[in-house]
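Every number in this text was worked out from the coordinates using simple rules, so none of it is lab data. Only a predicted model underlies this, so the values are computations on that prediction, with no experimental measurement involved.
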Amino acid sequence: MELKTVVVTLCLVALAIDSTEGGIIKCCVKTRKTIPKPVLMKVQSWYLQDSTGPCDIDALVMYVGAWKKPICADPSMEKDLNRVQKIQQTMLGKVRRSAA
């Protein structure tokens, strides 16, 4: 094989691996039973990890502000997270009404 072909092929393979993170699925391997309310108030997005898929445990995966790593919590924490988010929405609505 010509050297140029080998180099181009290697670059394409490296790019493919880098863009898919090597096809490695990121799973929570342990969960926290409690999360402080101030942290719950900063959650920007979240999803439920299911143990019936490629991951071994059920988990509530939360992304907080500028933190790079997600927080892995016990799925039962979803109730607390929903409650905090509902309170925040209520408070935001009151602030908007009073400003109008």
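Rounded to the nearest whole Hz, the Karplus-based 3J(HN,Hα) values (6.51 cos²θ - 1.76 cosθ + 1.60, θ = phi - 60°) of region 59-75 follow the sequence 7, 9, 9, 10, 10, 10, x, 8, 5, 7, 9, x, 9, 9, 10, 4, x, with x at glycine and proline.
Scalar couplings 3J(HN,Hα) for region 78-84, obtained by applying the Karplus form with A = 6.51, B = -1.76, C = 1.60 to θ = phi - 60°, are 4, 4, 5, 4, 4, 5, 5 Hz; x denotes Gly and Pro.
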